[in-house]
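Shown next, in structure tokens, is the structure this report addresses.
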Amino acid sequence: MVVQYASEATGVPTRAQFRRWVGAALSQPASVALRIVDEEEGCMLNCDYRGKNYATNVLTFAYGEEEGILSGDVILCAPVVEREASEQGKDSLAHYAHLTVHGILHMQGYDHETIAEAREMEALEVEIMKKLRFNDPYTSEQS
């Protein structure tokens, strides 16, 4: 796993923290690049790949599996993550952990397009977050 810091944001988790969270969310071997970006790059990627002209909190690029090893990139937009944490009354570290787990689950094929998919993915996120000693990210109480 590679962690790339391409953001001027402060308070971003360490490589060790990201590695721990990614490891907790993976169910098989994977080659992962986790990139922390500012809003300009986040907006460009979201526009280029999803046709949406704004920076989103997390983007996942899943490249598939070769010889049993998943491959993908997870992009976290630091200013968006931090703004959301503040607006939602969450600890920013817990929010980073949740969005990292969320992105890694997407890389493994989980999605939330339907109600059933969302329930399955959210339940798995809650389970992983609890193992990591964070509160349920879908409750309103602080993590």
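Structure summary
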read-out	value
Some residue of the range 49-65 being in contact with a helix residue (DSSP H, G or I) (Cβ under 8 Å, 6 or more places away or on another chain), farther than 17 Å from E125 by Cα and at pLDDT below 95	no
Candidate set: the range 67-80, residues that are over 13 Å from the mean Cα position of the chain (by Cα) and not polar (S, T, N, Q); chosen: the one nearest to A9 (Cα to Cα)	P79
Residue match in the range 43-59 (condition: free of Cβ contacts under 8 Å to residues at least 40 places away in the same chain, part of a loop (DSSP other than H, G, I, E, B), at negative phi and buried (at least 20 other Cβ atoms within 10 Å of the Cβ))	yes
Residue identified as of a type in the set (G, A, S) and over 23 Å from V32 (Cα atoms) among G51, G109, G64	G51
Tally, over the range 23-42, of residues that are buried (at least 16 other Cβ atoms within 10 Å of the Cβ), without any contact (Cβ under 8 Å) to a residue 60 or more places away in the chain and part of a helix (DSSP H, G or I)	3
Only listed residue being farther than 20 Å from M1 by Cβ, without any contact (Cβ under 8 Å) to a residue 24 or more places away in the chain and of a type in the set (G, A, S), chosen from S92, S86	S86
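A quick yes/no check of all residues on (1) closer than 25 Å to R15 by Cβ; (2) out of contact with any strand residue (DSSP E or B) (no Cβ under 9 Å at 6 or more places or on another chain); (3) of a type outside the set (A, V, I, L, M):
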residue: E65; (1), (2), (3): yes, no, yes
residue: E82; (1), (2), (3): yes, yes, yes
residue: H106; (1), (2), (3): yes, no, yes
residue: I115; (1), (2), (3): no, yes, no
residue: L124; (1), (2), (3): yes, yes, no
residue: M129; (1), (2), (3): yes, yes, no
residue: F134; (1), (2), (3): yes, yes, yes
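The values are calculated or read from the model by the stated rules, or taken from the named source; none is laboratory data. The shown structure was predicted, so the numbers you read here are calculated from the model rather than taken from an experiment. Neighbour counts are summed over all protein chains in view; Cβ atoms, including those assigned to glycine, are modelled from backbone coordinates with ideal geometry.
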